[in-house]
Amino acid sequence: MGGPLIRTKTGVTLLAVLVLGGSFLSTLYGAVHAKKIKTSFHDITINKQVDDLKEMKVVLIADLHLGYSVGSKDMQKMVDRINKQDPDLVVLAGDIFDNEYEALDDPKHLSETLHQIQSKYGTYAVYGNHDVKETLVAGFSIGASKKALRDPRMDEFMEKAGITVLEDESELIDQKFYLVGRLDEEKNGRGTSKRKSIEELTADLDQTKPLFVMNHEPDELREYDKASVDVLFSGHTHAGQFFPLTIVQPFAWKNYWGVKKIGDMYSIVTSGVGVYGPNIRVGTDSEIMVVTVHFE
């Protein structure tokens, strides 16, 4: 009478062991894999000419999430990979910090490391939705508010790192091309939920010159195309980071990762260098993205 019952209990126990063992191995793999930074390469062509420039190499990075899980060693690896590419321009598309400035393992060393980034036209950035003061619990922010403020030390850090932050601003770089940086739509760190539209930011710009935009989230893609933007650089999605978000993200965004042409505009989204929440990556890569822009 007891035989089938014993076999059933044994089967359930074995299944539980397999599930727990698989979860442990997946988590272990994800934690190790998250620390490996991949370099991906992409080519695009825009129908504009720039003096003597035939092409330019842009390195896109985002979602460093400096703090509890990403620190000085990770940033040194990232900087070494960037400099190896000998880029013309480096753009950082938001979420430099992981909410709590106090979580930085060594702010001075980190800013000095980022200052080592070398490029012809400099390093520019925008802030993202995690570049504000919020408390983290188990890696996730709580008490989230669109009016959350930025820790002033974050601005000081970026200045010491030699990174120019554009907040609803445009800059004509070397009289050759425009770079526009937008405030984050979700949390811009200024205590307000307002920001300028892309039409307002580009209305007075010379449309014959290449127009690049940095915006943390890859949203409103059709609006960028209508505003004659040539390339939009974004992050935010982490390409899902791990299952099941890797399945959800393609439905949440018109371009959740990679290069996609929307009308005449290129949306380019990186999976990011760091991680948010659990310190794991499964099915995605931590990456720096190298984009060669050809002019014709």
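Starting from residues that are touching a residue at least 40 places away in the same chain (Cβ under 8 Å) and open to solvent by 30 Å² or more (accessible area, probe 1.4 Å), keep the ones in the stretch 49-83 and report whichever is farthest from PHE140 (Cα to Cα).
The extreme case among them is ASP51.
In the set VAL132, VAL126, VAL137, which member is open to solvent by 30 Å² or more (accessible area, probe 1.4 Å) and aliphatic (A, V, I, L, M)?
Just a single option satisfies the conditions, and that option is VAL137.
Read through the list (1) under 20 Å from the mean Cα position of the chain (by Cα); (2) closer than 26 Å to ASN83 by Cα; (3) among the β-branched types (Val, Ile, Thr), then give the number of the only condition that ILE173 fails.
Only one criterion is unmet by ILE173, namely (1).
Taking the stated definitions as given, is GLU217 within 30 Å of ASN279 (Cβ to Cβ) and not in a helix (DSSP H, G or I)?
Yes; evaluated as a whole, the condition is true for this residue.
Condition first: within 28 Å of HIS294 (Cβ to Cβ) and touching a strand residue (DSSP E or B) at 6+ places or on another chain (Cβ under 6 Å). Now tell me which residues in the stretch 238-280 satisfy that.
Residues satisfying the conditions are ASN255, TRP257, VAL259, LYS260, TYR266, SER267, ILE268, VAL269, THR270, SER271, VAL273.
Looking only at residues in the stretch 119-155 that are part of a strand (DSSP E or B) and modelled with pLDDT under 95, which one is farthest from GLY189 (Cα to Cα)?
Top of the filtered list is VAL137.
Open to solvent by less than 30 Å² (accessible area, probe 1.4 Å), within 19 Å of ALA93 (Cα to Cα) and either modelled with pLDDT under 95 or in a loop (DSSP other than H, G, I, E, B) (or both) - does that describe any residue in the stretch 191-207?
No, every residue in the stretch 191-207 fails to be open to solvent by less than 30 Å² (accessible area, probe 1.4 Å), within 19 Å of ALA93 (Cα to Cα) and either modelled with pLDDT under 95 or in a loop (DSSP other than H, G, I, E, B) (or both).
Would a scan of the stretch 100-111 turn up a residue that is within 24 Å of VAL293 (Cα to Cα) and either of a type in the set (A, V, I, L, M, F, W, C) or part of a helix (DSSP H, G or I) (or both)?
Looking for residues that are within 24 Å of VAL293 (Cα to Cα) and either of a type in the set (A, V, I, L, M, F, W, C) or part of a helix (DSSP H, G or I) (or both), one finds none in the stretch 100-111, hence no.
Restricting the search to the stretch 169-190, which residues are closer than 29 Å to LYS120 by Cα, part of a loop (DSSP other than H, G, I, E, B) and either in contact with a helix residue (DSSP H, G or I) (Cβ under 8 Å, 6 or more places away or on another chain) or basic (Lys, Arg) (or both)?
LYS176, ARG182 - these are the residues of the stretch 169-190 that are closer than 29 Å to LYS120 by Cα, part of a loop (DSSP other than H, G, I, E, B) and either in contact with a helix residue (DSSP H, G or I) (Cβ under 8 Å, 6 or more places away or on another chain) or basic (Lys, Arg) (or both).
The values are calculated or read from the model by the stated rules, or taken from the named source; none is laboratory data. For clarity, every value in this text was computed on a predicted model and none was experimentally measured. Heads up, the Cβs are rebuilt from the backbone with ideal geometry, glycines too, and the neighbour counts pull from every protein chain shown. Keep in mind that these areas ignore ligands, DNA and RNA; they rest on the heavy atoms of the full protein, side chains included. Shrake-Rupley method; radii C 1.70, N 1.55, O 1.52, S 1.80 Å.
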